[in-house]
Amino acid sequence: MKICMIGTGYVGLVSGSCFADLGNTVYCVDKDIKKINMLNSFQIPIYEPGLNEIVKKNYLAKRLIFTNNLKKAVISSDIIFICVGTPTSKNNKSADLQFVFKVAKEIASHINKFKIIVTKSTVPVSTGDKIEKIILKRKKRSLFEVASNPEFLREGEAIRDFRFPDRIIVGSDNKKVLRKLESLYEPLIKKGANFFSTNRRGAELIKYASNAFLATKISFINEIANLCEKTGVNVEDVSLGMGLDKRIGGRFLRAGPAYGGSCFPKDTKAITVTGDLYKTNLSIIKSVIKSNSDRKKLLVNRIKSILSNKIKNKKITFLGVTFKPNTDDMRESSSLLLIPYLNNNRAKVYYYDPSGFKKEFSRYKSVYFCDNLSKACNNSDLIIIHTEWDEFKTLDFKKISKNSKIKIFDMRNLYSHKKMKKNGYSYYSIGR
Ligand code: UDX
């Protein structure tokens, strides 16, 4: 099939190259010519394991075409996926749909025969109706259908999540559209992926409801972790014990510093705006948002108490600053609150992250990037394991810090309390 992905960000580039890998001809369109030129010389702007290889293979096979010529891509494709960003608006709550609507107008102007237009970007319920109205102003109804096909790709695992999805969700009332999309996904369905169709608004809401529920699970276990710390219970036992109930499930029950990333924070806010719009108060999700934000303040207090409230001039090391491992993404990472706070309270913060230097910290005078782990930990007063990169899982802390009184705050529970105590470390963790 000939398809086009509009937007070569995280969703468009990953989905586009994976669709090409299924044998389709895929136009990946972006208005940013610099980005297109980078892609045409195999400079991939996002950090996603396995993406370079899959892009190169399909580009050389001429199944993957990077262009800023939207007209040519639309005319040459049967299915057009809208994959542009839907960031949180300036009001810091609703989804900003300006790019989606702009692209809808551009697509409309180039429709020359029947096209299926599919929103893959995460868009609030009824956005598909609005796109339909925009196109209808410019083209007759028989020339297009608008459907929803949200993505469920996790950063760092996106290619695997595309290839082996738990489910493919498609929203449309048009049988022809459903058949077309089902045949596009046929290779994955054959390998066991569930193909689930509903109406367009249903697919839009499934995406938000799924992310809001996952965020709820995380905030739930983070609050239980607080209670565990007060009652001498190991939160990992609670997660395991709960997870054995198939109705609960063990995944997304790992206590940590707070959820971050480009999706949970923005999607939880956006769905509460949809709720308010339809006069339905989504109080649970609102409390999840507050709980996650309060948690970062709680962690600051934990750090202060570990250092007996003496932060000034202390050397504090962050191992990992990204919101999760195997990505360079800093969006909504809890380090973006923790590190500036410590800097403003006169600590000297050194950070090492396998994904490299972070511009987010460049304006803070006593925050230093170290390009190797030992330099970051040398003579540190407190080592904070913030992100669970693999290389942080088997460290000899005395050796790398050269400080026999080193304190370790393991925000991802990578180490066993018993072993750390036996090695004489002052070891702190989450919910244990
Ligand atoms: C998420 C959804 O999982 C994915 O389906 C959607 O398409 C995009 O948003 P992503 O944001 O890439 O994916 O990361 P994810 O792995 O879901 O983690 C999100 C945040 O939750 C991270 O900060 C992570 O550290 C945290 N998390 C996750 C926990 O604290 N505990 C867990 O058990 C799982």
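Annotations for the structure displayed:
- 3J(HN,Hα) along the range 166-177: 5, 7, 10, 9, 10, x, 6, 9, 9, 4, 5, 5 Hz, from the Karplus curve 6.51 cos²θ - 1.76 cosθ + 1.60 with θ = phi - 60°, whole Hz, x for Gly and Pro.
- Net charge, D245 excluded, C-beta distance under 15 Å - Lys, Arg +1, Asp, Glu -1: +3
- Protein accessible area in the chain, 1.4 Å probe - carbon and sulfur %: 54 percent
- Those GluC sites (Glu not before Pro) in the range 95-177 that DSSP places in a loop and that have at most 16 other beta carbons within 10 Å: E157
- Taking Lys and Arg as +1 and Asp and Glu as -1, the other residues whose beta-carbon sits under 10 Å from that of D78 total +4.
- Applying a threshold of 18 Å to the alpha-carbon distances of K310/K402; K230/K407; K296/K407; K324/K358 flags K310/K402; K230/K407; K296/K407 as lying beyond it.
- For the chain, with +1 on Lys and Arg beta carbons and -1 on Asp and Glu, the positive-most of I206, V170, N222 along the dipole: N222
- Net dipole in debye of the chain [+1 Lys, Arg Cβ; -1 Asp, Glu Cβ; about Cα centre; nearest 20]: 740 debye
- Potential lengthening of the chain between N69 and L240 amounts to 56.4 nm, from the contour at 0.36 nm per residue minus the alpha-carbon distance.
- HN-Hα J in Hz across the range 148-154 - Karplus 6.51, -1.76, 1.60, θ = phi - 60°, x for Gly and Pro: 10, 8, x, 9, 10, 8, 8
- Projected label distance in nm at Y364 and E53, using a 7 Å step from Cα toward the beta-carbon: 3.6 nm
- Structural descriptor for the chain: relative contact order 11 percent, calculated from alpha carbon pairs under 8 angstrom and at least 6 residues apart.
- For the range 2-198, accessible area per residue (1.4 Å probe, heavy atoms of protein chains only), Å²: 43 Å²
- For the residue pairs K35/K348; K35/K93; K34/K191, the alpha carbons lie more than 31 Å apart in K35/K348; K34/K191.
- Spatially proximal aspartates and glutamates relative to K314 (Cα-Cα < 13 Å; intrachain offsets below 8 disregarded): D381
- Neighbours of R331 by Cβ distance under 11 Å: Lys/Arg scored +1, Asp/Glu scored -1, total -3.
- Greater than 23 Å apart at Cα, pairs in K102/K290; K133/K176; K175/K279: K102/K290; K175/K279
- Computed E for Q43/L277 - FRET, C-beta separation, R0 51 angstrom, nearest 0.05: 0.80
- The Cα center of the range 93-157 and the Cα center of the range 303-324 differ in position by 45 Å.
The values are calculated or read from the model by the stated rules, or taken from the named source; none is laboratory data. None of these values were measured; they are calculated from a predicted model. Note: ideal-geometry Cβ built from the backbone for every residue, glycine included; neighbour counts use all protein chains shown. Note: accessible area is taken over every heavy atom of the protein model, side chains too, but ligands, DNA and RNA are not part of it. Shrake-Rupley method; radii C 1.70, N 1.55, O 1.52, S 1.80 Å.
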